[in-house]
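Asks: Have a look at this one before I ask anything.
The values are calculated or read from the model by the stated rules, or taken from the named source; none is laboratory data. Please read all numbers here as calculations on a predicted model, not as lab measurements. In this analysis, Cβ positions are derived from the backbone assuming ideal geometry, glycine residues included, and neighbour counts consider all displayed protein chains. Accessible surface areas use protein heavy atoms only, side chains included; no ligands, DNA or RNA. Shrake-Rupley method; radii C 1.70, N 1.55, O 1.52, S 1.80 Å.
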Amino acid sequence: MKSSYRAIQVGHDKRLELVERPVPKPGAGEVLIAVEACGICGADASDIDRADPALVPPRVPGHEVVGRIIALGANTPSSWAVGTRVGVGRLGGHCNECNECRRGHFNLCRNQPVVGSSCDGGYAEMMIARATGLVSIPEELSSVEAAPILCAGIATFNALKKSGAEAGDTVAILGIGGLGHMALQYARKMGFRVVAIGRGDDIRADALALGAHRYIDTRQETAAEILKEMGGAKAIVTTIGNAAAVAEIMPALQPGGQIVILGVGKDPLQVSMGYLVGAERGVMGSMTGTPFENEKALDFSVLTGVRPRIEIMPLERAEEALEKMKSGAAKFRIVLTIGERTHADQ
Ligand SMILES: [Zn+2]
Ligand SMILES: [Zn+2]
């Protein structure tokens, strides 16, 4: 094995810098992964902004990681072997000790690293990961295809499953970007009447091609009014951080309907309590998913032909890729490729 590897880390000025680092040894319960692909998520931008400048070594972003295990620490389960292709999403592996873990709510574990934020992520040739956070990758998916499913995919797949909507129900997706473009595909394949809500007319054709039965351009139309004319939505999944825009769509919820929040914003969400009580409407947040649930999202993607729409860029161009994602110009996910093996996989 090499003695050093290349990584993209957050520099003091919050710019990304390419560095060489010594190859680490995996500790107990950990594995070392040779990264092949890493998706660029919206959360990466805030991870970089919030990265602690005093941290040594600086943080490596990225939490849609696919690679191969190249070394095992002590006490790792026999299901993970050197050479196995694995993924790591936003959650870096649960502790199996806290109350949330004892309840089986592994995604809510209180002692879980957040990949790319509280531990190093996948903008690198190598990465250490807890074995409890590993996701097995089906052969049918290339590494670049699988990577975005590990955050954008699982987040929307689980949100739709938790929403209470059933086949035939109307489900609206607010925000058609990295997450939204996966949500549209999953919602269509789950048997919903799918309404995509976005800004501008330039993504109408893409939204319809991805599975929407109806596209609403909020620059020209009032989404809540149109949804109400359609009989209301049983569920609305929001991927945007703009609380005011989420509040605007709420009147479109059917009685008993649920709004599932995936976008993270700082502003409070304004909602009348009577509106919730009067017809038992609900507002819930959904927090990505466990590795087991991530495997279900991957399996569902293979079974139904759902794939992220990706642009591929090499690791060295991470900064440029990140800027493109932030500008909203990415369609719909940028995936960094790392190492020679990735090319053989495509
Ligand atoms: Zn993410
Ligand atoms: Zn725990």
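Asks: To the nearest 20 Debye, how big is the dipole of the chain about its Cα centre, given +1 on the beta carbon of each Lys and Arg and -1 on that of each Asp and Glu?
Replies: 460
Asks: At 0.36 nm per residue, minus the direct Cα-Cα distance, what do A28 and K162 gain on full extension? Give it in nm, one decimal, please.
Replies: Extending this stretch completely gives an extra 44.8 nm.
Asks: Please state, as a whole number in µm²/s, the translational diffusion coefficient that the Stokes-Einstein equation yields for the chain at 37 °C and 0.692 mPa s, with Rh defined as the Kirkwood radius across alpha carbon pairs. Write out the running numbers ahead of the final one.
Replies: Details: Rh = 20.5 Å.
Once the numbers are plugged in, D ends up at 160 µm²/s.
Asks: Taking trypsin sites (Lys or Arg not before Pro) that fall in a DSSP loop and have at most 14 other Cβ atoms within 10 Å as cut points, what is the longest piece of the chain between them?
Replies: 111-218
Asks: Tell me which residues come under 5 Å, amide H to amide H, from V283 once H is placed; ignore anything under 5 positions away on its chain.
Replies: Counting only residues 5 or more places away or on other chains, the set is I259.
Asks: Could you give me the ³J(HN,Hα) list for region 52-60, computed from phi with Karplus coefficients 6.51, -1.76, 1.60 and θ = phi - 60°, whole Hz, x at Gly and Pro?
Replies: Here the 3J(HN,Hα) series is 6, x, 8, 5, 10, x, x, 5, 9 Hz.
Asks: Mind checking which of V86, L55, V66 is farthest towards the positive end of region 17-95's charge dipole, using Cβ charges of +1 (Lys, Arg) and -1 (Asp, Glu) about the Cα centre?
Replies: Sorting the options by dipole projection puts first V86.
Asks: Anyone know which of S118, S143, S79 comes out most mobile in the 10 Å Cα GNM of the chain?
Replies: Fluctuation is largest for S79.
Asks: What residues qualify as long-range amide H neighbours of L253, i.e. H under 5 Å apart, gap of 5 or more or another chain, H built at 1.01 Å from N?
Replies: A233
Asks: Can I ask one more? Could you do me a favour and compute the accessible area per residue for region 153-285, 1.4 Å probe, result in Å²?
Replies: For region 153-285, the per-residue accessible area is 43 Å².
Asks: Probe radius 1.4 Å, ligands and nucleic acids ignored: give me the carbon and sulfur share of the accessible area of the chain as a rounded percent.
Replies: Result for the chain: 50 percent of the exposed heavy-atom area is carbon or sulfur.
Asks: Just for the chain, what percent of DSSP beta bridges are antiparallel, to the closest 5?
Replies: Around 55 percent antiparallel, to the nearest 5.
Asks: What list of ³J(HN,Hα) values in whole Hz, one per residue of region 96-111 in order, does the Karplus curve 6.51 cos²θ - 1.76 cosθ + 1.60 (θ = phi - 60°) give from phi, with Gly and Pro shown as x?
Replies: Going residue by residue, I get 6, 10, 6, 4, 5, 5, 5, 7, x, 8, 5, 5, 9, 3, 7, 10 Hz, with x marking Gly and Pro.
Asks: Positive end of the dipole of region 105-258, charges at C-beta (+1 Lys, Arg; -1 Asp, Glu), about the Cα centre: which of A235, G175, G121 has its Cα farthest in that direction?
Replies: Towards the positive end, the residue furthest out is A235.
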